[in-house]
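The values are calculated or read from the model by the stated rules, or taken from the named source; none is laboratory data. A quick note: this is a predicted structure, and the numbers were derived from the prediction, not measured. Backbone-built Cβ (ideal geometry, glycine too); neighbour counts: all protein chains shown. We work out accessible area using only protein heavy atoms, side chains counted, and drop any ligands, DNA or RNA first. Shrake-Rupley method; radii C 1.70, N 1.55, O 1.52, S 1.80 Å.
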Number of protein chains: 2
Amino acid sequence: MTNADPAPTFYRRELPEGLTAFASPEGRALFREALALGGMEGWFPLAEHFHTQAEPAFCALGSLVVVLNALSIDPARPWKGAWRWYAEELLDCCDPLDVVRTRGLTLPRFGCLARCNGATAGVRYADELGVEPLREDLRAAGAGGPAVIVSFARSALDQTGAGHYSPIGGWHPEKDLALVLDVARFKYPPFWVPVTRLHAAMLPHDPETARSRGWVVLDRDVTHEGGPHRVVCNMQDAVAATPALT
Amino acid sequence: MTNADPAPTFYRRELPEGLTAFASPEGRALFREALALGGMEGWFPLAEHFHTQAEPAFCALGSLVVVLNALSIDPARPWKGAWRWYAEELLDCCDPLDVVRTRGLTLPRFGCLARCNGATAGVRYADELGVEPLREDLRAAGAGGPAVIVSFARSALDQTGAGHYSPIGGWHPEKDLALVLDVARFKYPPFWVPVTRLHAAMLPHDPETARSRGWVVLDRDVTHEGGPHRVVCNMQDAVAATPALT
């Protein structure tokens, strides 16, 4: 055959059953309810900075861009023109972007990257903590407290793809639903998911071979000054890579 | 002097008086009121796709990216990887991006660019129409009808900078305010502005030397198939450039 079909391309994916699209009639009703119940206070700054991950492999970086800008953290170096602003290309202080592009980012290295850019970052593993600590962090984020970025297995939500990062846009207090601001906006819309199901999607499919996913609680680090602190990354890296030495 | 200071860089600008920031306490109250009054139905798809213009000079392209994605228009060609998706780099069918970068886009060429990418685009000049037709289009956009992108002079809103494009995120029916989703997110947050003031900011400072700004009403062109139709651009271009021939 000389006339081989070109590789297929895609325009979005249909959201699987059990997840509710943000702009659907049901999603709008959930938004109104959650807003009235005080679960969308964190939504306002995140809505200002919700963003499409710059490359198909950059979900971790794209999520961090949303939250660093929503936290009003000044990167202390220019983005483009005269403007200082977070975009994925500024997030190369832990791993080179080429490495992130091929391997993604583990949860501890994600935490390191957030910290070296001026955020506090509490990394939580779903298998060490139950669903209640996740709910507490989502409740606080919804009320306008520290932001939450989740790391979950798409397959556990019947979505295509593997591990994925995205920020949480709000929490529905009565129905216990989280609004996932999916940064792969070319693929899925933002969606509401039951918190118990989101927690289950963080647990390893096979605990013998895989590490648990989890979530990261982020706030502005008021002690941080200037641009990225690369030394913090390197220390975290060394500790993570050589646990037997401690 | 050999130790010249480097060129100054900026982290955002303060929003001038008379404009209300989206995430401020007053802005949140306006959002809740407008939502309850039915003026934020258009907000949901726009919030899903609100985006930072890719370059400091790309406000027209950045605004169009938001609306084309919010209208669920398939660009019919890949963006990155296997994904079809609108980003600024796909919007080169009327003027080369280098020309847009240096000269920006006039309102008629903006309309042409929207049309050749699969949107209907009604271009309105503020000096030909009063404030009421603008209000009617904002009312319809707020109610979930065709989207509106405005072209205004920043100076008339006491902002720094010159002409600027941004989509409208909603309309407050009782207070007659428009929510401008400023795509220069590195500079200004989304803001509420009185509709009369927004209309005045579209009028030429000196009608003898400057053309009026205005707004564009955009919807999905259901007759459009496939990728960009460059021939439409060229015809529009010819008509605009040689009005004496007709």
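In table form, for the structure just shown:
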item	result
Residue that is nearest to B:Ala114 (Cα to Cα), among those in the stretch B:189-203 that are open to solvent by less than 10 Å² (accessible area, probe 1.4 Å) and within 14 Å of another protein chain (Cβ to nearest Cβ)	B:Pro190
Checking B:Pro96 against (1) modelled with pLDDT of 95 or more; (2) open to solvent by 30 Å² or more (accessible area, probe 1.4 Å), the condition it does not meet	(1)
Lone qualifier among B:Arg32, B:Arg109 - being assigned to a helix (DSSP H, G or I) and open to solvent by 60 Å² or more (accessible area, probe 1.4 Å)	B:Arg32
Residue list for the stretch A:11-29, filter: open to solvent by 30 Å² or more (accessible area, probe 1.4 Å) and assigned to a helix (DSSP H, G or I)	A:Pro25, A:Glu26, A:Arg28, A:Ala29
Where A:Gly39 falls short, out of the listed (1) farther than 17 Å from B:Tyr11 by Cα; (2) surrounded by 21 or more Cβ atoms within 10 Å (Cβ to Cβ); (3) at the interface with chain B (Cβ under 10 Å from one of its Cβ atoms)	(3)
Within the stretch A:115-129, tally of residues that are buried (at least 23 other Cβ atoms within 10 Å of the Cβ) and among the hydroxyl-bearing types (Ser, Thr, Tyr)	0
Subset of the stretch B:130-188 that is free of Cβ contacts under 8 Å to residues at least 60 places away in the same chain and acidic (Asp, Glu) - its residue that is least open to solvent (accessible area, probe 1.4 Å)	B:Asp182
Filter result for B:Gly27 (out of contact with any Cys (no Cβ under 8 Å at 6 or more places or on another chain), more than 8 Å from chain A (Cβ to nearest Cβ) and at pLDDT 95 or above)	no
Pair list, Cβ < 6 Å and 6+ apart or interchain, from the stretch A:7-19 residues that are more than 10 Å from chain B (Cβ to nearest Cβ) to residues that are of a type in the set (Val, Ile, Thr) and surrounded by 15 or more Cβ atoms within 10 Å (Cβ to Cβ)	A:Leu19/A:Val193
Pairs, first within 12 Å of chain B (Cβ to nearest Cβ) and free of Cβ contacts under 8 Å to residues at least 24 places away in the same chain in the stretch A:80-108, second assigned to a loop (DSSP other than H, G, I, E, B) and of a type in the set (S, T, N, Q), C-beta under 6 Å, six or more apart	A:Ala82/B:Thr9; A:Arg84/B:Thr9
Only listed residue being more than 25 Å from A:Gly27 (Cβ to Cβ) and in contact with a Ser or Thr (Cβ under 6 Å, 6 or more places away or on another chain), chosen from A:Asp206, A:Asp221	A:Asp221
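Quick grid of which residues meet (1) of a type in the set (Lys, Arg); (2) more than 9 Å from chain A (Cβ to nearest Cβ); (3) part of a loop (DSSP other than H, G, I, E, B):
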| position | (1), (2), (3) |
| --- | --- |
| B:Gln53 | no, yes, yes |
| B:Pro56 | no, no, yes |
| B:Gly62 | no, yes, no |
| B:Val67 | no, yes, no |
| B:Asp74 | no, no, yes |
